[in-house]
1. Among the residues in the stretch 363-381, are any under 30 Å from PHE53 (Cα atoms), of a type outside the set (Ser, Thr, Tyr) and in contact with a Lys or Arg (Cβ under 7 Å, 6 or more places away or on another chain)?
2. Are any of the residues in the stretch 254-273 out of contact with any strand residue (DSSP E or B) (no Cβ under 9 Å at 6 or more places or on another chain), at pLDDT 90 or above and either crowded, with 20+ Cβ neighbours inside 10 Å or not polar (S, T, N, Q) (or both)?
3. Kindly provide the set of residues from the stretch 206-241 that are touching a Leu at 6+ places or on another chain (Cβ under 8 Å), at pLDDT 90 or above and open to solvent by less than 10 Å² (accessible area, probe 1.4 Å), ordered by number.
4. Could you say which residue among THR123, THR112 is part of a strand (DSSP E or B) and open to solvent by 80 Å² or more (accessible area, probe 1.4 Å)?
5. I'm trying to understand the selection: among the residues of the stretch 279-330, which are over 27 Å from ASP379 (Cα atoms), assigned to a strand (DSSP E or B) and open to solvent by 60 Å² or more (accessible area, probe 1.4 Å)?
6. For the stretch 79-121, what are the residues that are in contact with a Phe, Trp or Tyr (Cβ under 8 Å, 6 or more places away or on another chain) and under 19 Å from PHE52 (Cα atoms)?
7. Just checking, how many residues over the stretch 331-358 are open to solvent by 50 Å² or more (accessible area, probe 1.4 Å), among the β-branched types (Val, Ile, Thr) and either assigned to a strand (DSSP E or B) or more than 18 Å from THR252 (Cβ to Cβ) (or both)?
8. Kindly indicate whether GLY168 is more than 21 Å from GLU149 (Cα to Cα) and either open to solvent by less than 10 Å² (accessible area, probe 1.4 Å) or in contact with a Leu (Cβ under 9 Å, 6 or more places away or on another chain) (or both).
Amino acid sequence: MDCIIPNYRHLIIGMLAMLLMAVNTSCGDEPDGCEADIETVTLHVSSPEHFFFQATDSMQVVLSTDSVITFAVRGDADVTSLSPVLTLSQGATVTPESGTTHDFSNGPVVYTVTSQDGKWRRTYRVNIVPTMVTVADTLCYDFEHYELETATQRYYQWHNVLPDGSLGNDWATANAGYRISMSTALPEDYPTTPLVDGYDGAAVCLMTRDTGPFGRMANKRLAAGNMFLGTFDIRIAMSDHLRATRFGLPFTSRPARFTGYYTYEPGPTVQDFYGNPIEGRVDSADVYAVFYRNHDAAGNEVVLYGDNVLSSNQIVAVANLGYYEPTTTWTAWDAEFVYRETIDEQLLANRGYSLAIVFSSSRGGGDFIGAIGSRLCVDKVRLFCTHEE
């Protein structure tokens, strides 16, 4: 079958300890005037109900780690004359100017932001992509597209392929947080890294890591490897670390089964919050998918976070085997989505549901409980979906 390329607290792994070093940003010791960021992008159109799937789709908040900004609009939307309005970090300037008109049918528009002091520049690509409702039975996630994060070159990030052939940022990790705690770590020493020789081509490798002296000082002693569909916002991790993870992306098919291949080797010793060994306990991986309504009854946007990704009343269905047997050979999993309510087909067609997929090398990582050295590898993930013609 052809493919279309398109718990909770354990994903905030090691972040409290990492925040002790949050001053180590790309601006060094000059925090004032050196920011060169696009903070939001807004599209104003004459008939938003015919252009966007949801009213809230007209504005995007841009994370500090993002360099690609993609608006998915209705398949028949006219994208030949649009004027994105940008808000920038204080004092920054942008070329081309905010509000200028562009033809996005020719591909993304590149914006260059210059900081107030003139010493820092960042480039962004803004895509506006007409999107047809997905009717394929299978979606594939193969982890073949990855690179070192462009701003720091310290850790890896993964991309999906957009309809125009450019790369998007659907996959997120907390690697950016680990960098704050372990700034001298090499890219291959981060919790989430690529595995060149996977089940078939490249795979992703998630390993529970020691967070070093700062982690021990704050009793945040380990960082579980993790990856998820969504975004990780390092900027708000200091004030609300559970809200730093935003789980899920709009999804227009009805998921039925969640499959893939994995290997899992638990680390030798599970330790508690204080670093004491827990006798008789073996570490376990976490692999699951969540399907949820992304707006509430009042029309407000809903995103699942680290404190409710498995408990929110917005959740419609969950696929979770619960236990993944340790194995050093590639082993298949196959989890069915268990539905709690009937799908609203009109809401589904209008991108009113989101899908979150979550991987973690230590299930208790959100409480800083796990075994350093636990290693989960994942490849050839598939979403089998049903749809109505």
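The values are calculated or read from the model by the stated rules, or taken from the named source; none is laboratory data. Owing to the predicted nature of the structure, the values given are computational and were not obtained by experimental measurement. Cβ sites come from the backbone with ideal geometry, for glycine too, and all protein chains shown count toward neighbours. With ligands, DNA and RNA removed, areas are computed over all heavy atoms of the protein, side chains included. Shrake-Rupley method; radii C 1.70, N 1.55, O 1.52, S 1.80 Å.
1. No: the stretch 363-381 contains no residue that is under 30 Å from PHE53 (Cα atoms), of a type outside the set (Ser, Thr, Tyr) and in contact with a Lys or Arg (Cβ under 7 Å, 6 or more places away or on another chain).
2. The answer is yes; a qualifying residue exists.
3. LEU206, THR208, THR211, ALA224, GLY225, ASN226, MET227, PHE228, LEU229, GLY230
4. After ruling out the rest, the residue left standing is THR123.
5. Listed by number, the list holds a single entry, GLU301.
6. If the condition is that a residue be in contact with a Phe, Trp or Tyr (Cβ under 8 Å, 6 or more places away or on another chain) and under 19 Å from PHE52 (Cα atoms), then VAL79, THR80, LEU82, LEU86 are the ones that fit.
7. Qualifying residue count, the stretch 331-358: 1.
8. no
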